[in-house]
Each structure stands twice: as C-alpha cells, then as structure tokens.
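These notes are about the structure you will find just below.
The values are calculated or read from the model by the stated rules, or taken from the named source; none is laboratory data. As the structure is a prediction and not an experimental result, all values here were calculated from the model. Don't worry about glycine lacking a Cβ; one is built from the backbone with ideal geometry, like all the others, and counts go over all protein chains shown. Accessible surface areas use protein heavy atoms only, side chains included; no ligands, DNA or RNA. Shrake-Rupley method; radii C 1.70, N 1.55, O 1.52, S 1.80 Å.
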Amino acid sequence: MTEKKHIFSILVDNQPGVLSRIAGLFSGRGYNIESLCVAETIDPAISRITMVTMGDTQIIEQIKKQLFKLINVIKVYDLTDERSIQRELILIKVSAKANHRAEILRIVDIFRAKVVDVGSDHYTIEVTGTEDKIDAIITLLKPMGIKNITRSGRIALLREPKQ
Amino acid sequence: MELTGAQILMRAFKEEGVDTIFGYPGGAVLDFYDELSRTDFKHILVRHEQGAVHAADGYARASGKVGVCLVTSGPGATNTVTGIASANMDSIPLVVVTGQVPSALIGNDAFQEVDIVGITRPCTKHNYLVKNIKDLARIVKEAFYIARSGRPGPVLIDIPKDVANSKAIYDAPDTISLRSYNPTYEPNLRQLQKVIELIKNSRKPIIFAGGGIILSRASDALIEFSHRTKIPVTASLMGLGAFPGTDPLWLGMPGMHGTFRANMSIGEADLMIAAGVRFDDRVTGKVQEFAKHAEIVHIDIDPTSIHKNIPVAVPVVGDCKITLTHLNNLIHKVKLGDLDEIRKPWLEKIRKWKETTPLKYIQNGLIKPQFVVEKIYELTKGEAIITTEVGQNQMWAAQYYHFDKPNHFISSGGLGCMGFGLPAAIGAQVACPTKTVIDIAGDGSIQMNSQEFATAVQFNLPVKIAILNNGFLGMVRQWQELFYKKNYSWTNMNFAPDFVKLAEAYGAVGLRATQSSEVEPVIREALSIPRPVIMDFRVEQEENVYPMVPSGAAITNMILV
C-alpha cells in the first residue's frame with residue numbers, strides 16, 4: 001500500500017493536556033506528525049488542531065479512529081480529498097547583499113510576499129500560501145543565502161459548498 | 001452545605017453504588033482516609049498498591065461492577081501503573097483515585113510528587129487532575145461513567161491534598177453527557193442483514209467470541225445465536241466462559257495454545273462471526289494465513305478494533321449483546337433450511353479433529369500440572385472462580401478448566417501480568433464471598449505479589465492458591481527449550497521459599513503434594529478449610545504446554561504432544 005500525506009482538522013476540548021494526549025497517541029503507536037498547528041476556535045471551549053501526517057489507507061483509518069476514541073476529541077475531519085483551503089505561513093531571513101537586493105524584491109513581488117524587516121545585510125520575508133508556493137520561493141531564494149526559516153505548519157478549512 | 005473534598009469523594013462513591021475500596025494510605029490521602037473511617041465502605045487494606053489495582057480488577061470481573069482503588073501520591077501512584085495497564089488492555093472498568101501533593105507544590109519536585117496523569121495517559125481510558133474542588137463531584141461522576149460505558153476501561157483521578165481538605169458545595173450533574181464521547185451501542189441494521197445472508201450461504205461457519213461478550217453480558221444471546229444457527233464457537237482467553245465449555249458446539253480456545261479443532265476450524269472456515277474480540281497476535285498467529293478462506297464479520301463496540309489487525313468483510317460497530325439480540329430476532333424471520341443436515345459435514349469434521357487430536361498429556365508417575373487443573377475442575381464441579389498468574393499455569397488453567405459461565409475466569413490476558421492472580425482472587429472473593437475462588441499459580445509468578453497473602457488472611461478471604469511448582473519460569477523455559485536450543489538462561493529458579501511454611505508464617509494453611517496420588521486429597525482438604533490455603537504441587541519440571549504454534553507461524557501449524 002502506498003503512503004500518502006493526509007491533513008486532519010481536529011476539534012478538541014480546550015483543556016490542558018489534550019495536545020499531550022494526541023502527541024502521545026502518535027508516538028505510542030509509531031505514527032508520524034509532519035506538522036502541527038493548534039489554536040482556539042471562535043468557541044473558547046474548543047481548540048482546532050490542524051495536523052499533517054503520513055500513512056497508507058489502513059494506518060490513516062486507524063489514526064482517525066484512534067483520535068476520535070480520545071475522550072477530549074470532539075470531531076476529526078480528513079481534509080485531504082475534500083475541497084478545502086490550505087495555507088502555511090513562513091518567515092524567511094535571507095541575506096541581502098547589494099547586488100541581490102533588487103532580485104529579492106522582484107521575487108517577493110511575484111509571490112505577493114512581504115518584506116517585514118530590513119537590515120543592512122538581510123531581509124525578513126513573510127509568505128503565505130500553499131506548500132507548493134512556499135517550496136518554490138524557498139528554491140528561488142536559496143542561492144541568495146537563507147539564514148533562517150520558520151514555518152507555521154499547514155492550517156486548513158473546508159470550503160463551503162457552492163450555492 | 002459545604003463539604004470537604006474528602007466528603008465529596010465519599011458521597012460521590014456512594015452515589016455510584018460503590019461498596020468496596022481497595023487501598024493503601026499515605027501522606028497525600030490522609031484526609032480521604034480520615035473521612036473513610038466515618039463511612040460504611042468496606043476497605044480492603046492491601047500490602048502493595050499493585051495488589052490494590054489487581055484486586056479491584058478481580059472484583060470488577062467477578063461482580064460486573066466498577067472496581068475502586070485509593071492510593072497515595074508518588075510511589076503509591078506509580079505502583080498502580082502495572083495494574084492499570086493490565087485493566088486497560090483487558091477493558092476492565094476501574095476508578096483509581098491517587099492523592100497528589102498540594103496544588104501549590106505541583107511541578108516543584110515536592111516530596112512524593114509524580115506526574116501520574118502524564119505517566120498513565122497512554123494506559124488509561126481517560127484521566128483527570130482535579131485542579132478546582134468545584135469540579136470534583138462532576139469529575140468523579142464522569143470517571144465512573146467513562147469507566148463503565150462503551151468499551152470499559154480504567155480511569156484515574158489525581159486529587160491534590162488541598163482539594164481534599166478545602167470546602168465546596170457538592171455539585172454534580174444529574175446525568176453525564178459529553179459532546180466528545182458517545183459510544184455506539186446500536187448496530188447498523190443493514191450490516192446485520194448482510195450477516196444473515198452470509199450465514200445462509202455458509203457451509204463452514206464459526207463464531208469467535210471474546211471478552212466483549214462477557215463485558216456486555218451477552219452470553220445468553222451468544223448461546224441462543226449459536227444454538228439457533230448451529231454454528232460452533234471458539235473464544236479467546238478473555239472470552240472463556242462466554243460460551244459453555246461443556247456445550248457440544250464448543251471448540252475450545254484458539255491461537256498459540258489453542259485446541260487443534262479450534263485452530264483447524266479457523267483455518268477451514270468460510271465464515272467467521274467475531275464478536276467482542278480484537279484479534280490479538282496470540283490468537284491470529286501469521287495474519288495473512290488467519291481464517292484465510294473466511295468472510296469475517298466483526299462486531300465490536302470499539303471502532304478502532306475493527307480493521308486494526310485483520311481486514312474484515314462486514315464491520316459492525318455496536319454493543320455485543322444488543323447486536324446479537326438483533327441477529328437472533330432476524331434469524332427468527334428467515335428460513336435457514338434444515339440446519340442439522342446442512343451443518344452435518346462441518347460438525348462431523350470438527351468432531352473428528354476432536355477425536356483424533358484432543359488436548360492431552362502423558363502421565364508418567366510424576367504430578368502433571370494438567371492433571372492438577374483437571375482435578376481442581378472435577379472437585380469444584382466446574383463452579384469455582386479461577387484466577388491465574390501468567391505463563392504455563394495460565395494456559396493449563398484455560399485448557400483444562402472448562403468454564404461454563406461468564407465471570408468465572410479471571411486472568412491478565414492482554415498485558416500478561418505475572419503477580420495478577422493472587423490479588424485478583426482476593427478481589428473476586430470480596431465480590432463473591434460464598435464462591436470458591438482459586439488462583440492457579442506458578443512458583444515464579446506467585447512470588448511477584450505473595451505479600452497479598454497477608455491481605456487474604458487479615459480479611460478472612462478463604463482464597464485457595466494452587467502453585468504448579470516446577471522450579472522454573474516455565475513458559476520462558478519452554479521457549480528456550482524449543483527455540484533457543486535448551487539454553488535455560490536464568491529461568492531456573494533454584495531457590496524458592498517453602499510455600500507450606502510461608503502459608504503458616506502468614507497464619508494460613510499450607511499443603512503439599514509430591515506424588516500424583518496426593519493431588520486429590522490435598523485439593524479436597526484445601527476446599528474443606530474455610531481459610532486461605534496454599535497448595536504446593538511439585539509438578540514435573542519440564543512439562544510443556546501443547547499444542548503450541550510458534551510465534552509468527554500460521555495457527556494451523558501446531559506442535560503437538
């Protein structure tokens with residue numbers, strides 16, 4: 001069976017220890033977490049965890065069921081094959097020597113990214129987008145010398161059905 | 001009126017119908033113990049907290065109620081972990097209350113502080129740290145609800161000392177409703193129609209029953225289902241007693257030490273109706289070969305059990321009793337034809353397997369452990385509650401004591417926890433004071449919790465311990481003999497206490513049999529003594545459990561006597 005990336009959106013009770021239950025489930029059963037993003041929803045009693053994981057069909061089915069079995073988990077959505085909006089935020093600190101500055105700004109423009117901090121020899125760039133877009137800008141900026149990167153991990157929401 | 005945390009806990013226990021608490025006092029639970037002395041709960045003072053949890057486990061299995069433990073923080077709490085893990089694997093409803101250091105000290109590495117909620121997260125069904133006394137009554141109610149509903153399991157509540165001794169109004173909801181926890185009891189009826197169709201078309205069907213039948217009290221429904229459809233039944237270790245061991249349709253236990261006919265039936269079956277099982281590796285052997293000709297129907301209340309180890313054709317999520325009752329009603333309405341005629345070739349084949357290759361052992365003048373279990377079965381008329389330790393003793397008990405009723409075989413199945421049998425027997429005896437309760441033990445495992453013999457004597461619990469004393473860690477030795485060229489690395493227990501004197505030291509009775517002829521008189525005498533008794537049977541040292549399926553092999557590939 002082939003492994004495939006899956007993106008889960010998990011609604012949980014907003015209580016201490018819940019994230020640890022989920023992380024423990026993954027480590028205890030040998031599943032992988034590729035990225036993880038947690039924050040409160042509009043209802044302060046509920047948090048949303050967006051998680052990217054890998055596995056074949058059988059593993060993914062187990063992950064879904066095991067997650068749902070946790071007492072504090074309210075809902076588990078697999079957004080992988082659903083119509084959903086998926087975004088990731090990334091901050092890139094790239095070295096900006098005089099001869100590269102213009103080129104970097106052009107790339108920033110093309111990707112509709114933003115320069116959020118400027119120094120004498122660097123730019124910090126903020127990019128939001130899909131994984132593909134983010135990978136593409138990283139590839140383009142690499143030759144300039146990337147000093148540091150931080151990625152938020154994917155977040156996602158289901159699209160509303162079209163009227 | 002405001003109550004202290006300790007009073008709230010006691011009142012919550014009362015409201016949940018608790019009558020017995022297995023526990024051990026300590027600094028962080030002083031307030032609870034102080035309050036306990038003013039209640040009418042029966043408290044069984046164990047000698048080690050692991051014993052408290054196993055005893056509560058035995059109590060829960062014998063009575064069908066939730067077992068309750070009360071222990072202190074730190075080492076008291078960590079000592080419960082093995083017991084909790086065992087109950088979790090076997091889906092036994094427990095509520096374990098641990099004391100905790102005062103809230104203000106949590107995280108400071110205080111004396112006897114341990115993060116027991118963190119430690120037990122993966123081995124409980126759920127757990128709680130009570131941070132605010134206002135939540136205490138609700139949490140205890142939730143804990144009992146979670147422990148006993150759906151697929152049961154142990155729930156731990158960690159209560160800091162300041163919560164125990166501060167005051168609040170008793171505030172618990174009338175009913176528990178959790179938006180994130182709603183077990184599915186009612187099966188999908190369309191799936192059940194498929195099951196009926198499969199039964200109609202099947203020529204070699206079998207039923208595979210497990211602990212879920214016992215937990216959901218589905219034995220009667222199972223018996224009716226099997227008798228109506230004339231389908232033979234095998235049951236996992238956890239399911240022994242779910243179907244009568246003396247019924248003509250009984251196949252015996254399957255798996256690594258299963259009967260020849262059970263394993264062969266699984267190998268040949270064209271339909272397997274599995275209910276309340278989780279297809280443990282000790283049952284399936286090589287999964288690709290397991291029931292490979294069969295369409296598998298899997299009934300279980302826990303969706304994670306389905307498709308976990310074995311792919312199935314018809315998954316049915318639901319309570320075993322409710323599901324089997326539905327199936328029985330459906331069967332009423334369909335024509336299954338002349339079942340006596342239809343089943344004849346299949347049942348005939350099974351009868352031949354039983355005839356040619358029964359469970360057996362060879363008598364040679366020495367005491368055979370199987371013979372001891374057979375004699376216990378005979379002399380207790382099959383009516384005793386049997387607990388076991390883990391290893392050869394457990395397998396011989398499972399093979400040679402033919403359980404006719406549920407809740408009579410109590411063993412650490414999933415975790416395989418040595419030291420389980422004696423405290424579990426104590427718990428079962430507390431639950432069923434008039435029953436004969438016997439722990440079938442080995443000389444190795446009895447030493448893991450033999451301190452609980454003091455508990456049995458102190459509380460006049462007349463449990464009987466039958467030690468199949470072979471001077472070895474027998475099951476491990478058996479593997480070394482068969483798969484490690486007889487290299488008996490550290491399985492030879494050269495030294496053991498004199499178990500007769502040990503019994504006497506505790507103020508109980510010790511008996512010994514060194515020859516076959518002494519076995520029956522020793523058991524008879526033990527059964528006639530209304531006090532705890534240790535029976536030391538000096539059995540053949542290198543006897544093996546057969547049949548045996550080598551680890552990872554297909555279960556039809558058995559080593560026979």
- Task: Taking the Cα centre of region B:2-169 as origin, sum charge times position over the Cβ atoms of Lys and Arg (+1) and Asp and Glu (-1), and report the length of that vector in debye to the nearest 20.
- Result: 440
- Per-residue HN-Hα couplings for region A:101-113 [Karplus 6.51, -1.76, 1.60; θ = phi - 60°; Hz; x = Gly/Pro]: 4, 5, 4, 4, 5, 5, 4, 4, 5, 4, 8, 6, 8
- Task: Pull up the cross-link candidates among the lysines for residue B:200, meaning alpha carbon to alpha carbon under 28 Å and not fewer than 8 places away within one chain.
- Result: B:230, B:292, B:308, B:321, B:333, B:335, B:344, B:349, B:352, B:354
- Message: Please give me the summed charge of the neighbours of residue B:444: other residues whose Cβ is under 11 Å from its Cβ, Lys and Arg +1, Asp and Glu -1.
- Response: -1
- Calculate the length of the line joining the C-alpha centroid of region B:307-329 to that of region B:508-561, in whole Å. 37
- Message: What's the magnitude of the charge dipole for region A:4-78 around its Cα centre, counting Lys and Arg as +1 and Asp and Glu as -1 at the beta-carbon? Answer in Debye, nearest 20.
- Response: 200
- Note on the structure: With all protein chains present and a 1.4 Å probe, the order of B:479, B:250, B:396 from largest accessible area down is B:479, B:250, B:396
- Query: Counting only other chains, what is the mean number of Cβ atoms within 10 angstrom of the Cβ of each residue in peptide B:299-312?
  - Reply: 2
- For residue A:75 the rounded accessible area (nearest 10 Å², probe 1.4 Å, non-protein molecules ignored) is 100
- Task: In whole angstrom, note down how far apart the Cα centers of region B:68-143 and region B:409-432 are.
- Result: 21
- Chains A and B: buried accessible surface, both sides, probe 1.4 Å, rounded to 100 Å²? 1500
- How well do other chains shield peptide A:63-72, expressed as the mean number of their Cβ atoms within 10 Å of each residue Cβ? 5
- Where a ≥ b ≥ c are the square roots of the eigenvalues of the C-alpha gyration tensor, would you call chain A rounded, which needs a/c under 1.5, or, failing that, prolate if a/b is larger than b/c, or oblate? prolate
- Query: Which of the listed residues, B:393, B:95, B:419, is farthest toward the dipole's positive end in chain B, when Lys, Arg count +1 and Asp, Glu count -1 at the beta-carbon?
  - Reply: B:393
- Cα centroids of region B:156-197 and region B:248-292: how far apart, whole angstrom? 33
- Backbone HN-Hα couplings from phi across region A:150-156 [Karplus 6.51/-1.76/1.60, Hz, Gly and Pro as x]: 9, 10, 7, x, 6, 10, 8
- Query: Solvent-accessible area per residue for region B:169-273 at a 1.4 Å probe radius, Å²?
  - Reply: 37
- Task: Return the average number of partner chain Cβ atoms within 10 angstrom of each residue Cβ along peptide B:115-124.
- Result: 2
- Going toward the positive end of the dipole of the protein assembly as shown, with +1 on Lys and Arg Cβ and -1 on Asp and Glu Cβ, which of B:273, B:149, A:113 do you reach last? A:113
- Task: Could you look at region B:369-538 and say what percent of its accessible area is carbon and sulfur, using a 1.4 Å probe and all protein chains?
- Result: 54
- Note on the structure: If every Lys and Arg gets +1 and every Asp and Glu gets -1 at its Cβ, then about the Cα centre region A:85-158 yields a dipole, in debye to the nearest 20, of 60
- Query: Does region B:2-169 come out rounded, prolate or oblate by the C-alpha gyration tensor, with a ≥ b ≥ c the root eigenvalues, rounded set by a/c under 1.5 and, if not, prolate when a/b is larger than b/c and oblate if not?
  - Reply: rounded
- Residue-level accessible surface for residue B:126, protein heavy atoms, 1.4 Å, Å²: 10
- Query: In terms of modelled amide H atoms, which long-range or inter-chain residues lie less than 5 Å from the amide H of residue B:3?
  - Reply: B:168, B:169, B:170
- Message: Which of rounded, prolate or oblate describes chain B when judged by the alpha-carbon gyration tensor and an a/c cut-off of 1.5?
- Response: oblate
